[in-house]
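Comments concern the structure below.
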Amino acid sequence: MSETHAERGTAEPHDHAGHEHVSAAATDPVCGMHVVPGQSKGGTHRFQGRDFFFCSEKCRERFKATPDKY
């Protein structure tokens, strides 16, 4: 089972509405939420040649600030 927001230290509230839980989903590296690439509310960010997908803008901005942490 994946870690919760509290276990990862990312317990600040943010919206997870509209996220589908499907096998083709990507995982938000900040909070561990499953998101559908191309449909995620948080959009994407390319880092070191790889696309990362996010459940919210807040998670994307947190990742952009310290990508090596994730």
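Tabulated values for the structure
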| item | result |
| --- | --- |
| Filter result (crowded, with 19+ Cβ neighbours inside 10 Å and either in contact with a Leu (Cβ under 7 Å, 6 or more places away or on another chain) or part of a loop (DSSP other than H, G, I, E, B) (or both)) within segment 42-56 | GLY42, PHE54, CYS55, SER56 |
| Pair list, Cβ < 6 Å and 6+ apart or interchain, from segment 45-63 residues that are in contact (Cβ under 8 Å) with a residue 12 or more places away in the chain and of a type in the set (Asp, Glu) to residues that are crowded, with 17+ Cβ neighbours inside 10 Å and outside any helix (DSSP H, G or I) | GLU57/GLY42 |
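Each reported figure results from applying straightforward, stated rules to the coordinates on display, with no laboratory input. Quick caveat, the model's predicted, so the values are computed rather than measured. Because the Cβ atoms are built from the backbone with ideal geometry, glycine has one as well, and the counts that use them run over all protein chains shown.
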